[in-house]
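The values are calculated or read from the model by the stated rules, or taken from the named source; none is laboratory data. Everything numeric in this text was worked out from a predicted model, so none of it was measured. All Cβ positions, glycine included, derive from the backbone under ideal geometry; neighbour counts span all protein chains shown.
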Amino acid sequence: MLLIKNPSIKRARFLQDKFEHKLAVMKTAIFVDVQNIYYTTRDTFKRSFNYKRFWNQIESNNEIIIANAYAVDKGDEKQKKFQYALQTIGFNVKLKPYISRVDGSAKGDWDVGITIDILDSVEKAEKIVLLSGDGDFDLLLQKVIDEYGCIVHLYGVKELTANSLIESASKFFPISKNFLI
């Protein structure tokens with residue numbers, strides 16, 4: 001359980017929980033850090049995340065108004081099929097080119113893009129759903145909750161999700177075997 005020292009933040013999160021339970025349907029924006037979810041589920045469970053099952057669960061009690069999946073484009077056929085499957089489910093797939101450097105390192109993360117899109121969505125959405133374990137998003141989640149009053153649900157593999165990120169969300173949902181293929 002998160003201990004909140006600032007009483008106004010504690011009250012805001014209490015009111016969010018109370019508000020969320022009273023609404024049958026909330027306007028919800030989903031943001032998926034595809035690379036993070038792929039590697040954390042693969043490394044922990046040796047399996048893939050079931051995006052369709054996840055979508056169905058979220059859609060069952062929310063109005064999905066935005067659904068973005070952020071991925072790196074390496075140009076291979078298997079990846080293109082996966083990206084098409086995400087689009088078929090209902091995700092807007094945003095691609096960034098995979099950059100391989102001369103020193104052997106690689107780049108292709110979406111942290112800034114995801115942050116911008118989440119901040120752009122807070123006027124329209126009552127709930128933000130983030131799938132990632134990346135601790136770089138902790139301050140963003142705090143801002144979205146504290147300054148914009150959105151409820152933030154975080155999904156990630158518990159063992160590989162930053163504690164600061166878990167503590168920043170309104171609620172954390174650990175990815176378990178029921179969300180895997």
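Structural remarks
- Residues in the range 72-94 that are closer than 19 Å to Leu130 by Cβ and modelled with pLDDT of 95 or more: Leu86, Ile89, Gly90, Phe91, Asn92, Val93, Lys94.
- Candidates in the range 152-170 are the residues that are out of contact with any Gly (no Cβ under 8 Å at 6 or more places or on another chain) and touching a residue at least 40 places away in the same chain (Cβ under 8 Å); of these, the one that is surrounded by the fewest Cβ atoms within 10 Å (Cβ to Cβ) is Glu159.
- Qualifying residue in the range 97-118 (condition: closer than 15 Å to Phe54 by Cβ and either of a type in the set (A, V, I, L, M, F, W, C) or crowded, with 21+ Cβ neighbours inside 10 Å (or both)): no
- Residue satisfying condition, being under 24 Å from Leu180 (Cβ atoms) and among the aromatic types (Phe, Trp, Tyr), within set Tyr84, Tyr98: Tyr84
- Cβ pairs under 7 Å, 6+ apart, first in the range 54-76 and closer than 20 Å to Asp117 by Cα, second loosely packed, with under 14 Cβ neighbours inside 10 Å: Asn62/Val25; Glu63/Val25; Ile65/Lys124; Ala67/Asn92; Asn68/Asn92; Asp73/Pro97
- Verdict on Glu77 being over 15 Å from the mean Cα position of the chain (by Cα) and farther than 17 Å from Tyr39 by Cα: yes
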